[in-house]
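A short worksheet on the structure shown next.
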Amino acid sequence: MKHLQRPARRALLVVHVAVSVSWLGLSVGLLALGITAYTTGDLSLTEAAYRAMKVFADWLLAPVAVVTLASGLVLSLGTPWGLARHRWVWTKFWITLATAAATVFALRPEIEHAAAAGTPDPSLVVAPTVSMVAYLFMTAISVLKPWGLTRRGRRLRLSASSRKPLDG
């Protein structure tokens with residue numbers, strides 16, 4: 001893929017950061033509602049918390065997950081970072097793919113089930129906790145950029161440096 005021009009790259013980066021932070025915020029909100037539903041003795045509060053979680057799941061979770069994945073993919077392919085050149089980018093891609101799939105195919109149906117049943121469900125405390133930890137981890141590696149190049153990244157760097165003309 002051709003590298004993105006600076007204005008497009010910057011706009012896409014803003015979109016990516018905004019939706020990624022939104023996904024983290026949704027997880028924190030879902031965790032608060034899940035803890036409330038699980039720990040309260042008031043069945044009507046449990047039902048209300050799960051109905052609120054369902055609103056988030058129905059309207060926000062899937063679109064935010066998909067836009068996060070898509071914007072990250074386009075950014076990685078349209079910048080020198082590449083998708084499989086740096087371990088931190090590659091790791092973020094796979095974690096984002098896994099959490100997006102879990103969000104769409106496991107968390108949303110579980111919230112739907114809990115909202116219909118209205119009884120405390122410990123998985124709706126565990127799932128947002130796991131996703132929140134994953135998003136915080138991805139935020140940290142985005143800032144720190146650890147681990148260096150992948151094997152493919154080293155190979156590409158070596159071939160690029162061997163093609164440069166020698167000064168002389």
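Work out the FRET efficiency for Arg6 and His113 from their Cβ-Cβ distance, taking R0 = 45 Å, and round it to the nearest 0.05.
With R0 = 45 Å, the Cβ-Cβ based efficiency is 0.45.
Suppose the chain between Arg154 and Val126 were pulled fully straight at 0.36 nm per residue; how much longer would it get relative to their current alpha carbon spacing?
Length gained, Arg154 through Val126: 6.3 nm.
Of the accessible area of the chain, with the probe set at 1.4 angstrom, what percent is carbon plus sulfur?
The computed percentage sits at 69.
Over the chain, average the accessible area per residue using a 1.4 Å probe and give it in Å², no decimals.
In whole numbers, the chain has 59 Å² accessible per residue.
For Asp121, Asp58, give me the order by solvent-accessible area with a 1.4 Å probe, most accessible first, ignoring ligands, DNA and RNA.
Accessible-area ranking of Asp121, Asp58, largest first: Asp58, Asp121.
Rg (Å, one decimal) plus Dmax (Å, integer) for the alpha carbons of the range 107-168?
That works out to 22.9, 76 Å for Rg and Dmax.
For the chain, with the dipole built from +1 on Lys and Arg beta-carbon atoms and -1 on Asp and Glu ones, taken about the Cα centre, which of Gly41, Thr103, Ala114 lies farthest toward the positive end?
Farthest towards the positive end: Thr103.
Given an 8 Å cut-off on Cα distances and at least 6 residues of separation, report the relative contact order of the chain as a percent.
32 percent
Helix 62-77 sits at what angle to the longest principal axis of the chain, using alpha carbons and giving 0 to 90 degrees rounded to 10?
Tilt of helix 62-77: around 10 degrees.
Would you check the accessible area of Val66, probe 1.4 Å, heavy atoms only, in square angstrom rounded to 10?
Counting only protein heavy atoms, the figure is 90 Å².
Residue by residue, what Karplus-based ³J(HN,Hα) values in Hz, rounded to whole numbers, does the range 9-25 have, using 6.51, -1.76 and 1.60 with θ = phi - 60° and x for Gly and Pro?
4, 5, 5, 5, 5, 4, 4, 4, 5, 4, 6, 5, 5, 4, 5, 4, x
Using a 1.4 angstrom probe on the protein heavy atoms only, could you order Ser162, Ser71 from most to least accessible area?
Descending order: Ser162, Ser71.
P(r) for the range 1-70: what percent of alpha-carbon pairs falls in each 5 Å bin, starting at zero?
3, 16, 19, 17, 13, 10, 8, 5, 4, 3, 2, 0
Specify the angular offset, from 0 to 90 degrees and rounded to the nearest 10, of the alpha carbon long axis of helix 87-102 from the longest principal axis of the alpha carbons in the chain.
The angle comes out near 30 degrees.
Evaluate the distance, in nm, between pseudo-label points positioned 7 Å from the Cα of Ser162 and of Trp81 along their respective Cα→Cβ axes.
Inter-label distance under the simple model: 2.9 nm.
Roughly how big is the chain's charge dipole about its Cα centre, with Cβ charges of +1 (Lys, Arg) and -1 (Asp, Glu), in debye to the nearest 20?
1680 debye
In whole Å, how far is the Cα centre of the range 68-126 from that of the range 5-54?
Comparing the Cα centres of the range 68-126 and the range 5-54, I get a distance of 13 Å.
What's the long-distance tail for the range 84-137, i.e. % of Cα pairs beyond 17 Å?
The calculated P(r) of the range 84-137 puts 45 percent of pairs beyond 17 Å.
Counting pairs of Cα atoms in the range 5-129, how many percent are more than 24 Å apart?
Value for the range 5-129 (Cα pairs over 24 Å): 35 percent.
The values are calculated or read from the model by the stated rules, or taken from the named source; none is laboratory data. Please read these numbers as outputs of a predicted model, since none were measured by experiment. Neighbour counts run over all protein chains shown; Cβ positions are idealised from the backbone, glycine included. SASA here: full protein model, heavy atoms, side chains in, ligands and nucleic acids out. Shrake-Rupley method; radii C 1.70, N 1.55, O 1.52, S 1.80 Å.
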